[in-house]
Structure formats: C-alpha cells, structure tokens
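Contents: one structure, followed by commentary.
The values are calculated or read from the model by the stated rules, or taken from the named source; none is laboratory data. All of these numbers come straight from a predicted model, not from anything done at the bench. For neighbour counting, all protein chains shown are included, and Cβ atoms are generated from backbone atoms with ideal geometry for every residue, glycine included.
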Amino acid sequence: MNYDGARWVVKDEQFTKLAERDFIQRYAISLSNNKFDIWGFVPTFTVSYTRRDSNIKNREYDKTTLEFSMQQRF
C-alpha cells in the first residue's frame with residue numbers, strides 16, 4: 001500500500017484529508033507429520049489469525065483462515 005499520501009474520508013458529514021495509520025498482527029501455527037508421506041509430499045494444515053487496526057474504521061478487520069497444502073520433504 002502507498003501510505004505517502006493522505007486519503008479523503010468522510011467525517012462529521014464532511015470530506016477530510018487523513019493519513020492512514022495501520023497496525024497489522026498475524027499469528028499462525030502449522031501442523032504436519034512426515035509419517036503421512038504421499039508420493040514424497042507431506043500434507044500440512046495451517047491456521048492463522050490476522051487483525052488489522054486502522055485510524056480509518058472501515059479498513060479494520062479480523063480474519064481467521066485455515067489452509068491446506070502439500071509440501072515436498074527432502
């Protein structure tokens with residue numbers, strides 16, 4: 001994202017220039033087991049949580065994701 005310029009937002013029913021300030025946190029944990037080898041690939045499950053705080057309220061969010069991937073182990 002480009003944070004250099006100010007954004008126009010509506011505040012108190014008027015347009016106002018505001019520089020966006022965000023704080024993003026992400027936590028993730030992955031689970032895999034080499035004993036479940038499938039043609040040289042190991043299944044991996046990842047659960048992650050992302051929280052974005054912003055001084056622009058409609059840009060804030062909380063997100064939880066579940067990912068499945070196959071990783072090749074050497």
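Which residue pairs have Cβ atoms under 6 Å apart, sit 6 or more places apart or on different chains, and have a first residue in region 52-74 that is more than 30 Å from T16 (Cβ to Cβ) and a second that is in a loop (DSSP other than H, G, I, E, B)?
Correct list of pairs: Q72/G40.
Just a yes or no: is a residue in region 26-33 within 30 Å of K11 (Cα to Cα) and at pLDDT 90 or above?
So far as region 26-33 goes, yes, one or more of its residues are within 30 Å of K11 (Cα to Cα) and at pLDDT 90 or above.
Name the single residue, out of those in region 54-74 being modelled with pLDDT of 95 or more and of a type in the set (D, E), that is farthest from V9 (Cα to Cα).
E67
Within region 57-74, which residues are outside any strand (DSSP E or B) and loosely packed, with under 11 Cβ neighbours inside 10 Å?
Selection gives K57, N58, R73, F74.
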